[in-house]
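Notes follow once the structure below has been shown.
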Amino acid sequence: MKDGDYRDVLSAFASCSANRTPKVVMMSETTSPEEYRQAKGQGLFDVISSPLRPTDVEWMVTLAKRDTRNQGKHVESSHDIELLERTARVGA
């Protein structure tokens, strides 16, 4: 983004959702292995390539659900997950 990057997004989520750990996924045209490790180390859930395919979004939703279950937490809003799943199917 021209006025910031994923760190700003992570920071904004951290300040407004102290009791939730958001799953932030970044789209990138190119990502080196080092940049990927750095982004993951700073709290980014994952990185998907751009232009993305609907299956990429669907896979991120699946991984986020699995990660949430593995942490012993419940998904805060099933509506949010359903919206992401519908978005993943757009253009499929």
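Where the alpha-carbon atoms of segment 26-69 are placed on the principal axes, they occupy 28, 23, 11 Å, in descending order. Neighbours of Lys40 by Cβ distance under 14 Å: Lys/Arg scored +1, Asp/Glu scored -1, total -1.
A short reminder: the numbers here are calculations on the coordinates, not readings from a lab. The structure displayed is predicted, hence computed values, not measured ones. Positions of Cβ are backbone-derived with ideal geometry, glycine not excepted, and every protein chain shown enters the neighbour counts.
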